[in-house]
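The values are calculated or read from the model by the stated rules, or taken from the named source; none is laboratory data. Please read all numbers here as calculations on a predicted model, not as lab measurements. Glycine also receives a Cβ, built like all others from the backbone with ideal geometry; neighbour counts cover every protein chain displayed. Surface accessibility is based on the protein's heavy atoms, side chains included, excluding ligands, DNA and RNA. Shrake-Rupley method; radii C 1.70, N 1.55, O 1.52, S 1.80 Å.
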Amino acid sequence: MRAIFFIIISFILSILLLINNFFDNKKRKYIISIIIAIVGLVIYSYAYYCLGNKDILSLFISLIKSVSAIFKMFAGDSLLSDVEMQKVFAQNSLVISTIYYLIHILAFTITISTIILATCKRYVYKLYKKIKLLNPKENIYVFYKYNEITKKLLSQLSKNKRKNTIIILDNEKVDHIEVVFNDLIGDKSYLILNESIANELHKIFTNELYKHKRIKLFALNDDIYENYIFVKKMYETIHKKTHNSITLTILSDDQIDLTKLQENNGFDYVRSFNKKDIIARSLVKEYSPCNYVEFEDCKAKDNESFNCLIIGFGELGQKILKRLFAYGQFVNCKFNCDIIDENYDNVCAEFESEFDFVLDDLISKNYSFITDNVNIRHSSINARSKVFYEFITKNVKNIDYIVVSTSSNKTNNEIVKNLLYLKNKFDNIDYDVFDCLDDRIYVYQHGLERIELNIFNHILDDSIDMPGKLINYAYTLSNSEDISKIGNIDYAMPEIYGKWNRCNSYSKNSSINAAEFYQTIIKVIGKEESCNYNEIIDYISNLSKKQKNYLGQLEHNRWSAFMLLEGYRYMDYDNNFGHKNDKKKLHACLIPYEKLDDLDKIEEKTTGKNPNYKEKDIKNVIMAIRIAELINKNFKEINNYELH
């Protein structure tokens, strides 16, 4: 029985030793190894003691002989006469003998592995990475350029349990990148290559073992034209010579034609992103204007206002203002924004053109249902000057939301430091500060505590655009009387991605803007995101007519603000073009909410059909909630969904 006991304990220790190799924590590995070694030595010593051998020197000699005996046994020496083996075989049991050999096989394997890893770990590790490259179940991630965005994506990828292969193409010194990258990604399989070798990548991917792998290309060069050159090179070196499924994510401007890029280069799926746009979207999605306003009966309380300050008004600052403006149009609420930039006159041309419906008195009177509640001012002062200090101290009680986006890390840090000092200096002042650059957002809400907002983690799985894709597809179903079925859409349908890829930037932005507005809707009706979505929809259905009108007006104002920012202007209903002319960017619905009934009558008289635009606004509200329900229900699957 003792022999059986020792065999079982030894077997458990062997398994623990094997499992220990899979831990990433080095300290934990050492501790477990030491514990196993001590326990094993104690068990062996006790067994030796039970056999009547109490001499310590004999114990160590026996230990050495035992290891030697194991090697002899596997070498074919069957004339072993060790006392331990005799005791085992004296049991005359096939089971015990089998377990005995199994334990020694494990012991032999572990011993050899330990010796190899101890003497040539570096070479084994390199061989291990090359072997991993041959695993057909993995995805291959090819990153063009090693920069801050790449680092963030790789950090996120390292947390993924799925086995993947990573290839980085860059002209920098491979050794320097490898040291940094090894610390970042741990024991993931990767290759770091000079980008000149990109012409030879097809030699890797045409290998028989690569034919069934998905290749995911990420063109992340800050120079967008270099990205296009890389894409063309990838087409010539990979797609023409392989049959792999290839997706492309490209850092680009807003005007890229994805359909043309996909068709001309044979990619299965193409998506683009603009860094500044991702920053603006992430900020306003997580810290929406609705979080700074109190609501009652589906409208803002009396005298409520959203007050923001934007310091630094380059491209990033302007994109953030556009998002805040589009999401900050609440019924019975003011939208106030102060812009601070000493170079305002040099950067304001595009902004003043896009916001002419607010800034130009002659134009703004046509959109008074929006502009009467909007106040945008600008000052060409230095945010580190005494003049700015006087400005901020004078207006500090009227500020909720401060964005610092000067494009300089050093300048941002200095301004943020001063703002936090002022925040602590005044009692009952609690504005939030957002330190924004092209590759990160720092949030200061409570004193000096800083939170870094995750902004690029959705790029790997494409989940950031999923709400927009789903609502874009749902519009094709919206003619149905029962839109409850929208919550049951299969998010993996190829039609969803095909339709999205065929959309222009305006259609995509429109869908994203509508889908992401659900957070505001939930806040306005006084519910929490954690609520049951059917409960929210039932609540909306049971609202009074007045409350529904407020909710419809909220959606209409959101849509109107978006359309105005896209360059659309009002037109009378036209018998030839109907209610809109997309070519000239004109739309008949850019009117106050209460006048939509009159437009219904005009259109019904012409077409014989009543469009009922007010009802469509409510339907859009419910559609956004249904999409949110779908996202919430399939959150894990959507975030882990692999694009084919």
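Descriptive notes on the structure:
- Residue ranking by accessible heavy-atom surface, 1.4 Å probe, largest first, among W500, W559 comes out as W559, W500.
- Across the cross-link table entries K145/K417; K152/K417; K527/K614, which are compared at the Cα atoms, the separations over 28 Å belong to K145/K417.
- Extending 7 Å from Cα along the Cβ direction at N343 and again at K585 yields two label points whose distance is 2.5 nm.
- With 27 Å as the limit, the listed pairs K548/K583; K276/K397; K334/K423; K583/K609 have K548/K583; K276/K397 beyond it between alpha carbons.
- Burial order of peptide ranges 590-599, 398-407 (average beta-carbon count within 10 Å, highest first): 398-407, 590-599
- L543-N504 pseudo-label distance in nm [points 7 Å out on the Cα-to-Cβ vector]: 3.2
- With R₀ fixed at 30 Å, the C-beta to C-beta distance from I363 to L448 puts the FRET efficiency at about 0.10.
- Inter-label distance, N409 to E495: 4.8 nm, where each label sits 7 Å from its Cα along the C-beta direction.
- Modelled FRET efficiency - R0 41 Å, E604 with D253, Cβ distances, 0.05 increments: 0.45
- Whole-Hz Karplus values for the range 565-570 come out as 5, 7, x, 6, 9, 6 Hz, taken residue by residue from phi with 6.51 cos²θ - 1.76 cosθ + 1.60 and θ = phi - 60°; glycine and proline positions read x.
- For the pair F426 and K595, a Förster radius of 35 Å applied to the C-beta separation gives a FRET efficiency near 0.20, rounded to the nearest 0.05.
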